[in-house]
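Here is the structure we will look at, set down as structure tokens.
The values are calculated or read from the model by the stated rules, or taken from the named source; none is laboratory data. Just so it is clear, the structure is predicted and the values come from calculations on it, not from any experiment. Note that each Cβ is placed from the backbone with ideal geometry, even for glycine, and that neighbours are counted across all protein chains shown. SASA here: full protein model, heavy atoms, side chains in, ligands and nucleic acids out. Shrake-Rupley method; radii C 1.70, N 1.55, O 1.52, S 1.80 Å.
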Amino acid sequence: MLVTESGETEVLAIEVALARAKEQELDLIEVSPKAKPPVVKIGEFGHYLYQLQKKEKKQRSHSKQAEVKMLRFGFRTDKHDIDRLAQRAREFFGEHHLVKFSVRLRGRELANKEYAVDKLKGILLSLADASEIEQDVKRQGNQYIAILRPKH
């Protein structure tokens, strides 16, 4: 099926379409090979590739990747600072980012792991209205992490 510049379509044999393209000193470009019959058009192949790349680049620029933002706090971090971290996490959720919370334990703090886990779970509960748990609290070396994603 040959599509002309004006948008008209006609079904032709491959040889006839190739002959028309040679006549105009242009290329026969296969636009949709999976269609029945395959769709082709006559034009300059380099220009066609350029247009495809331009279209692809525009689509990529419109689709923003979600990042994983990391918020860390220590074992002895106080309530106000944790509230500030929760507020910052809400800002990240507004931008559709994932948020990874991390609480680091050092030295004797490792003896009281439950306190750190409770502190992290407290943050997860305070953000339950704005987020869903992507990865629950888990230990990673000397720290505990949890990943949250925004609710849609």
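Could you check segment 84-107 and list, in sequence order, the residues that are charged (D, E, K, R) and in contact (Cβ under 8 Å) with a residue 12 or more places away in the chain?
Step one: filter segment 84-107 for residues charged (D, E, K, R), giving 84, 88, 90-91, 95, 100, 104, 106.
Within segment 84-107, Arg88, Arg90, Lys100, Arg104, Arg106 qualify.
Is it true that Ala66 is closer than 30 Å to His96 by Cα, of a type outside the set (Asp, Glu) and surrounded by 11 or more Cβ atoms within 10 Å (Cβ to Cβ)?
On the way: closer than 30 Å to His96 by Cα: yes; of a type outside the set (Asp, Glu): yes; surrounded by 11 or more Cβ atoms within 10 Å (Cβ to Cβ): yes.
Judged against the criteria, Ala66 is a match.
What about Lys57, is it closer than 30 Å to Ala130 by Cα and either within 20 Å of the chain's Cα centre (by Cα) or loosely packed, with under 13 Cβ neighbours inside 10 Å (or both)? Walk me through how you get there before you give the answer.
Working: closer than 30 Å to Ala130 by Cα: no; either within 20 Å of the chain's Cα centre (by Cα) or loosely packed, with under 13 Cβ neighbours inside 10 Å (or both): yes.
No, not satisfied.
Among the residues of segment 108-120, count how many are in contact (Cβ under 8 Å) with a residue 24 or more places away in the chain and open to solvent by 90 Å² or more (accessible area, probe 1.4 Å).
Summing the residues that are in contact (Cβ under 8 Å) with a residue 24 or more places away in the chain and open to solvent by 90 Å² or more (accessible area, probe 1.4 Å) in segment 108-120 gives 1.
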